[in-house]
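Here's the structure we're looking at; comments come further down.
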Amino acid sequence: MASNIEINQLSHTYKGGHQVLKDINLSFDSGVYGLLGPNGAGKSTLMKILCTLITPTEGQVSICGNNVTADPVSVRRQLGYLPQEFGAWRNYRIEEVLNILAQLSGMHDKKIRLEAITKALGEVGLREIADRKVKKLSGGMLRRLGIAQALIHEPKVIIVDEPTVGLDPEERIRFRNVLSDLGLDRTVLLSTHIVADLGGACKEIALLDAGKVVFQGPPRELVQAALGRVFQSSITEAELDQFEEKYVLVSTHVASNKIIVRGIANKNEIPKNAEQVTEPTLEESYLAFMTVDLQPKINCIKERICN
Ligand SMILES: Nc1ncnc2c1ncn2[C@@H]1O[C@H](COP(=O)(O)OP(=O)(O)OP(=O)(O)O)[C@@H](O)[C@H]1O
Ligand SMILES: [Mg+2]
C-alpha cells in the first residue's frame, strides 16, 4: 500500500528560472517526520506543494493516494496545515475560532462540530481555557490552537512549517509532545532548522540541502554516520584560531587556563590528542553530515547553521 505522503521525481522551478527543488523522492507513513535543512534549502516550498498552495513544475506528489495537482480538493480533505499567524483572530475566543473555522471547512452539523472541537482541544491541551481570547494566549498556546484547527476534520496528514520558532524551552517540549501523540495514527511532517527540536520524537529525518535530499532515515543513522568525526579537545588560546580555520567548532568553553572545544573534522582527521566523541548529539551529527567536504564549505556552513 502507498504511504500517506508519496513524492516522486519532484522538481520545482519558480517563475524567473530559480530551481529550488531537484528530483526529490520521499515517502512518509504514520509517525512524526522532520524536514531539516538550512535557510533557503527548499523546506517551505516543498510543504506548500504538499498543501496544494504551489503547483510543482515536475514530478508526482500524492497525499493518501490523491494527486496534489489533479485532485487538490481531495488532498485538502486529508490534510491539516498549521498557519503561522492567528493575528486576525485576536478578539475571538479559542472555541469561537474553532467553531468558525470548522464551519468554513464544511462541518455544518452543530452537534458533530462541537464534539470535534472538544476532542481537538483535548488533544492539544487547551480544553480548560477554551473561553480565553486569542490575544491573551502565549506563543506556544497559539501554536497549539493552530494544531487544533488543523485537526478538526480529522486529517490523516498534518503539515507544520517551523512550528517552534519563538517558543520558550518549556512550550517547545510541550509542543513536541503534542505532535508525537498525534503521530501515533497520522503522518505529521514538521520542518525546522532547530535540530534539537526533532530528537527522539521523530521517526525519520529528511535532510534537504540546496533543493536536494541528502539523507532520509532514523535520527540514530544520522548519528551513526557522524561517528569518528566529532571530537573534544582541550587547547590553548593560541591554538584556537587555527582550530577555527580547520574545523567546525560546535562549542567552546573556558576551563581554568584551557579552552575545551567540541568540533567536527573530516573522516580520519580529528586533531592529535583530541578525544573522539562516542555519542554525538543530533546537532553535531547534522553538522558532520552537512560538512562532508569540510574545507570549502566551512565558513558558509558556520554562518547558516550555527547562528
Ligand atoms: N515565490 C518565490 N519566488 C521565487 N523564489 C522563491 C520564492 N519563494 C522562495 N523562493 C526561493 O526558493 C528558495 C527556497 O526557499 P524556501 O522558503 O522553500 O526555503 P526554506 O528551506 O523554507 O528556508 P527557511 O529555513 O529560511 O524557511 C530560496 O532561495 C528562496 O529565495
Ligand atoms: Mg521555510
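Every number here is computed from the coordinates shown, using simple stated rules; none is lab data. Keep in mind that what you see is a predicted model, and the values were worked out from it rather than measured. Because the Cβ atoms are built from the backbone with ideal geometry, glycine has one as well, and the counts that use them run over all protein chains shown.
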The computed P(r) of the stretch 13-125 puts the percent of Cα pairs beyond 17 Å at 66
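How big is the Cα convex hull of the stretch 115-233 in projection, averaged over all directions, in nm²?
Values: hull surface 38.5 nm².
For the stretch 115-233, the mean projected area of the Cα convex hull comes to 9.6 nm².
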Expected sort for 97-110, 144-157 on mean C-beta neighbours within 10 Å, highest first, is 144-157, 97-110
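Below 8 Å, C-alpha to C-alpha, sequence gap of six or more: please give me the relative contact order for the chain in percent.
Worked out over the chain, it gives 19 percent.
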Check: C-alpha center the stretch 210-233 vs C-alpha center the stretch 1-51, spacing in Å is 20
In nm, the gap between the two label points placed 7 Å beyond Cα toward Cβ at ILE260 and SER105 is 4.8
Pseudo-spin-label distance LEU53 to GLU154, built 7 Å along Cα→Cβ, given in nm, is 2.7
Site SER3, offset 7 angstrom along Cα→Cβ, radius 15 Å on amide nitrogen, limited to the stretch 171-201, gives 186-191
Scalar couplings 3J(HN,Hα) for the stretch 274-287 by Karplus 6.51 cos²θ - 1.76 cosθ + 1.60 (θ = phi - 60°), nearest whole Hz, x for Gly and Pro, are 8, 9, 6, 7, 7, 10, x, 6, 4, 5, 5, 5, 4, 4
Between the residues ILE152, LEU79, THR192, the Cα farthest towards the positive end of the dipole of the chain, that dipole coming from +1 and -1 charges on the beta-carbon of Lys, Arg, Asp and Glu, is from ILE152
Under Stokes-Einstein, the chain at 4 °C and 1.567 mPa s, with its Kirkwood radius over C-alpha pairs, diffuses with a coefficient in µm²/s of 61
Checked against the positive end of the charge dipole of the chain (+1 on Cβ of Lys and Arg, -1 on Cβ of Asp and Glu, about the Cα centre), the farthest of ALA226, ILE129, PRO271 is ILE129
Measuring from the longest principal axis of the C-alpha atoms of the chain, the long axis of helix 139-151 (C-alpha) lies at a number of degrees, nearest 10, equal to 50
The base-10 log of I(q)/I(0) that the Debye equation returns for the stretch 75-185 at q = 0.13, 0.14, 0.15, 0.19 Å⁻¹, one scatterer per C-alpha, is -0.43, -0.51, -0.59, -0.97
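Treating only the Cβ of Lys, Arg, Asp and Glu as charged (+1, +1, -1, -1), what charge dipole size does the chain show about its Cα centre? Round to the nearest 20 debye.
Charge dipole, the chain, about its Cα centre: 900 debye, nearest 20.
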Relative to the chain, whose Cα atoms define the longest principal axis, helix 110-124 and its Cα axis are tilted in degrees, nearest 10, by 20
